[in-house]
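A.B. asks: The structure is given below, and queries will be raised subsequently.
The values are calculated or read from the model by the stated rules, or taken from the named source; none is laboratory data. Since this is a predicted model, take the numbers as computed values, not measurements. Ideal geometry is used to build each Cβ from the backbone, glycine not excepted, and the neighbour counts take in all protein chains shown.
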Amino acid sequence: MKSQERRYTLNKFKKCSKCKEEKSLDCFGLNKNGRYGVGNRCKDCNLIYFKEYYLKNKEYFNKRSREYYLKNKENLRKKSREYNSKNKEKINKYFKEYRSKNKENCKKIVKKYKKKQREQLEDGYIVQLITQNTGLTTADIPSELIEAKRLEIKIKRIIKEE
Ligand SMILES: [Zn+2]
C-alpha cells in the first residue's frame, strides 16, 4: 500500500458490529476479507470475544493439549532415547567434564533433582526403579509399565501415610 493510500484509509471510520461505535480503522484488526481490509469487530470487542470463547471452551482446550501430549508421549520418549543413544559418547563426555568442573555444586543439583523426581514420580525415577528390580533396560519398558508402577508407588505411599 502506498503511503498516500494508507493515510487515506487511516482517516476512514468503521462501525464495530459488536459495540456499534464508530472507530478509526486502526482500532480494528486486519482482515483482508473485511471492508477497508479490516475486521468487523473492533480490537476491544475482539479481545472480549476471544476471552469469553477461551473461558467457555477452557476444558476443551485443556483436554486437547492433554490428548496431544498423551498421543505423542511414546514418540517423544522414543526420539529422546534415539538422540541419547546416538550421542552417547558426546553426552557422557559433556557430563564428565561438567561434573569435574562443578563437583560440589553438581552433587547438590543431583540430590535436588532426584528428590524432585522421587516426589513427583517422574518417568526417569520410575524407569530407574524398574530397571533396578527386573534387569530390564530402559528401551524394554513400555509406557504402560511405567504407568502401572507409578500407580503402585502412589498406592503404597497413601497406605504409608494413613
Ligand atoms: Zn467494538
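A.B. asks: Modelled with pLDDT of 85 or more, assigned to a helix (DSSP H, G or I), more than 16 Å from the ligand (Cβ to nearest atom) and more than 31 Å from the chain's Cα centre (by Cα) - does that describe any residue in segment 10-17?
C.D. replies: Within segment 10-17 (the criterion being modelled with pLDDT of 85 or more, assigned to a helix (DSSP H, G or I), more than 16 Å from the ligand (Cβ to nearest atom) and more than 31 Å from the chain's Cα centre (by Cα)), the answer is no, since none of the residues qualifies.
A.B. asks: Still on this structure, please answer the following. Testing Q117 on (1) closer than 20 Å to T137 by Cβ; (2) out of contact with any Gly (no Cβ under 7 Å at 6 or more places or on another chain), one condition comes back false. Which one is that?
C.D. replies: Just one mismatch for Q117, condition (2).
A.B. asks: Now, a different point. Residue under question is E67, and the condition is that it be more than 28 Å from the chain's Cα centre (by Cα), away from the ligand (no atom under 16 Å from the Cβ) and part of a helix (DSSP H, G or I); does it hold?
C.D. replies: no
A.B. asks: So is K20 outside the structural domain of S143 (by TED's automatic domain parsing), modelled with pLDDT of 90 or more and surrounded by fewer than 11 Cβ atoms within 10 Å (Cβ to Cβ) or not?
C.D. replies: Here the answer is yes, as K20 does meet what is asked.
A.B. asks: Are any residues in segment 26-51 touching a strand residue (DSSP E or B) at 6+ places or on another chain (Cβ under 8 Å) and more than 13 Å from the ligand (Cβ to nearest atom), and if so, which ones?
C.D. replies: L30, N31, G34, R35, Y36, G37
A.B. asks: A further question on this structure: Residues in segment 25-45 that are modelled with pLDDT under 90, polar (S, T, N, Q) and surrounded by 11 or more Cβ atoms within 10 Å (Cβ to Cβ): how many?
C.D. replies: 1
A.B. asks: Just checking, does segment 52-62 include any residue being under 25 Å from the mean Cα position of the chain (by Cα), within 30 Å of I158 (Cα to Cα), more than 16 Å from the ligand (Cβ to nearest atom) and of a type outside the set (S, T, N, Q)?
C.D. replies: yes
A.B. asks: A further question follows. Starting from segment 53-75, take each residue that is closer than 27 Å to I146 by Cα and in contact (Cβ under 8 Å) with a residue 60 or more places away in the chain and list its partners that are among the basic types (K, R) and in a helix (DSSP H, G or I), counting only C-beta distances under 8 angstrom and pairs at least six apart or across chains.
C.D. replies: Going by the 8 Å Cβ cut-off, there are no qualifying pairs.
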